[in-house]
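Undergrad: Here it is, the structure in full.
Only the coordinates and a few stated rules stand behind these numbers; no lab work does. This structure is a prediction, so every number in the text was calculated from the model and none was measured.
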């Protein structure tokens, strides 16, 4: 996953579907989710995968109201299209990418 920050967030997420994982180096569940997202990224065409370190980019995390990590934000054409909190299975993330709404989604 490519690391992005507030400086290039808008540019990177303005087109297409993007999954952005907000996490931190010290976060164990974030590392678990990295493995799931890495596997999904290899299997999923047409979706861009990014990550933001909330410790290094607190302003962006605050902008999206992120209070706990891991936090997954989905954008479509630059617009917020939903979010998930915590470690998720690959199948849940696949559904999240494909569906407009998912039970447990925090919009």
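Undergrad: Once you keep just the Cα pairs under 8 angstrom separated by 6 or more residues, what percentage relative contact order results for the chain?
TA: Relative CO of the chain lands at 34 percent.
Undergrad: Right, next: Which log10 I(q)/I(0) values does region 2-97 give at q = 0.23, 0.24 Å⁻¹ under the Debye formula, counting every alpha carbon as one identical point scatterer?
TA: With one equal scatterer per Cα and no solvent, log10 I(q)/I(0) is -1.30, -1.43.
Undergrad: Restricting to bridges with both residues inside region 2-97, how much of the DSSP beta-bridge set is antiparallel, in percent to the nearest 5?
TA: Restricted to region 2-97, the bridges split so that about 55 percent are antiparallel.
Undergrad: Something else now. Can you show me the helix-derived [θ] at 222 nm for the chain, built from DSSP H runs with n ≥ 4 at -39,500 (n - 2.57) apiece and divided by the number of residues, rounded to the nearest 500.
TA: -10500 deg cm²/dmol
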